[in-house]
Amino acid sequence: MTLPDRMFGVVLTGHGGPEMLQWRDDLPVPRPARGEVVVEVAAAGVNNTDINTRVGWYSKSGSPEEDAGWSGSAIDFPLIQGIDVCGRIAAVGEGVDPARIGERVLIEPCLREAGGRTLDTPKFLGSDCPGGFAQYTCVAARHASSVRSALSDSELASFPCSYSTAENMLTRAGVTGGDTVLVTGASGGVGSAAVQLARARGARVVAVTSAGKADALRELGADRTLGREDDFVAELGRGGVDAVIDLVAGPTWPTLLEVLRPGGRYAVSGAVAGPLVELDVRTLYLKDLSFFGCTALEPEVFGNLVGRIERGEVRPLVAETYPLAEIRAAQQAFSDKGYIGKIVLTVA
């Protein structure tokens, strides 16, 4: 396939409101270097990180222009966002088998150097380098994982970021069959993925959600649901949970540690209720708890996730789809939180 010179896409021009998202049809098409592939994007999911990056939420200094990137550095604008990508390989660089052209792939969100370790600083698609909110994107071939599935492009695009985040949290927390796992924010993309993936591991799942979404989460595999305002200690008992998968944090955070058993594991990858919490260090050390901050993926996580997708062990939850040109409306729907699962943008 001969690549065109120009492509369409949406670029983030700076920190601020939805007006910072601009449609362009004159963007240069990337060319693959050695070991790289160019992927023609079919669909791309909407995530919290898209909005958090746009508004500068990751900044700890209060000056987003200085440190609003995931790594604590400044964002290089204009930026093509989009961490969730399903598409087909359109071109390959030197050293990549040309037979891969036409292959349907999911792109791993967490990009590492070849042979990189967990503690190496990774790059993230759509934050540290151009992502999927455009007609084409380019990554190292090892990060474009072939996927064989009857699911649609939009359904497959709902998986990479949320499900790999959830699988990574469960991996880091060592969740196995027989564990009781509490999942906060269970109706969101990562939370609903964690419910399915924990159940696939044989764990008993307690999901925290609103009353209107409880039935849907039980259908996904939650053994029990709790409301956000419930007293977790009264409902679960002190020490009644082996692991907590937390996406919420916020003022009620200390109760999550109270319900963990001695030797329990706490994994976090979100703070939608607020990033600042109060920790009684005595709870941490007297209960021998283990804490896991989860962003960079363990090396085996994405491959394991693709295997689960291909075996049908998890199912997609696409709440709505929008054309890429309607990204502002899609992000507004995402922010309204009136859905379970993911909102996906169609690109091709």
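The values are calculated or read from the model by the stated rules, or taken from the named source; none is laboratory data. Computed from a prediction, not measured in an experiment: that's the story for all the values here. Heads up, the Cβs are rebuilt from the backbone with ideal geometry, glycines too, and the neighbour counts pull from every protein chain shown. Heads up: the accessible areas ignore ligands, DNA and RNA and are worked out on the full protein's heavy atoms, side chains in. Shrake-Rupley method; radii C 1.70, N 1.55, O 1.52, S 1.80 Å.
A compact table of results
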read-out	value
Relative contact order (%) - the chain, alpha-carbon pairs under 8 angstrom, separation at least six	18 percent
Cα centre as origin, Lys/Arg/Asp/Glu Cβ charges: segment 122-191 dipole, Debye	200 debye
Ala348 versus Cys129: modelled label distance in nm, points set 7 Å from Cα along the beta carbon direction	2.2 nm
Segment 212-290, relative contact order in percent, only Cα pairs under 8 angstrom and at least six apart counted	28 percent
Between helix 189-200 and the chain: long-axis angle, C-alpha atoms, 0 to 90°, nearest 10	70 degrees
Relative contact order computed over segment 125-253 (Cα-Cα under 8 Å; 6+ residues apart), in percent	23 percent
Cα-based equivalent ellipsoid of segment 169-324: semi-axis lengths in Å, sorted from largest, via gyration tensor	24, 18, 16
Charge-dipole axis of the chain as Lys and Arg at +1 and Asp and Glu at -1 on Cβ define it, positive-most pick from Val318, Gln196, Gly338	Gln196
Average accessible surface area per residue within segment 186-299, 1.4 Å rolling probe, Å²	44 Å²
Contour excess over end-to-end distance, with Cα ends at Asp5 and Ser63 and 0.36 nm allotted per residue	17.2 nm
Other-chain or far-sequence residues with amide H under 5 Å of Ala91's (modelled H)	Val38
For Thr180, residues with placed amide H under 5 Å, excluding near neighbours	Arg204, Asp242, Ala243
Net charge over other residues, Cβ less than 9 angstrom from the Cβ of Ser187 (K, R count +1; D, E count -1)	+2
Local electrostatic count at Ala68 - Lys and Arg +1, Asp and Glu -1, tallied over other residues with Cβ under 15 Å	-4
Segment Asp223-Ser210, length gained on full extension (0.36 nm per residue, minus Cα span)	3.1 nm
Antiparallel bridge percentage (DSSP; both residues within the chain; nearest 5)	55 percent
Amide N of segment 316-348 lying under 16 Å from the label point, which is placed 7 angstrom from the Cα of Trp23 along Cα→Cβ	322-332, 345-348
Global form of segment 260-348, assessed from the alpha-carbon gyration tensor, a/c cut-off 1.5	oblate
Cα long-axis angle, helix 160-172 against the chain (0 to 90 degrees, to the nearest 10)	40 degrees
Residues of type lysines that Lys123 reaches as a straight line, Cα spacing below 25 Å, ignoring anything fewer than 8 places off in the same chain	Lys60, Lys342
Rounded to whole Hz, the Karplus (6.51, -1.76, 1.60) HN-Hα couplings of segment 257-271, x for glycine and proline	6, 5, 7, 6, 6, x, x, x, 10, 10, 10, 9, 8, x, 8
For segment 1-61, convex hull of alpha carbons as volume per residue, Å³	138 Å³
Extension gain, Leu276 back to Thr121 (0.36 nm per residue minus Cα-Cα distance, nm)	53.4 nm
Degrees separating the helix 301-311 axis from the principal Cα axis of the chain, which is the longest one	90 degrees
For Ile83, distant residues with modelled amide H under 5 Å away	Gly132
Karplus-derived 3J(HN,Hα), 6.51/-1.76/1.60, for each residue of segment 214-228, Hz, glycine and proline x	5, 4, 5, 6, 5, 5, 6, x, 5, 7, 7, 10, 10, x, 4
Carbon + sulfur, % of accessible area of segment 1-150 - ligands and nucleic acids excluded, 1.4 Å	49 percent
Under the Karplus curve 6.51 cos²θ - 1.76 cosθ + 1.60, θ = phi - 60°, whole-Hz ³J(HN,Hα) for segment 139-150, x wherever Gly or Pro sits	9, 4, 4, 5, 8, 9, 8, 4, 10, 10, 7, 7
The chain: most fluctuating residue of Gly270, Gly14, Gly338 per GNM, C-alpha cutoff 10 Å	Gly338
Max mean-square fluctuation residue, GNM over the chain, Cα-Cα springs under 10 Å, options Val39, Val314, Val55	Val55
In nm, spacing of pseudo-spin labels at Leu284 and Val233 (7 Å Cα→C-beta vector)	2.0 nm
Ellipticity estimate at 222 nm from DSSP helix runs (n ≥ 4, -39,500 (n - 2.57)) divided over the chain, nearest 500	-6500 deg cm²/dmol
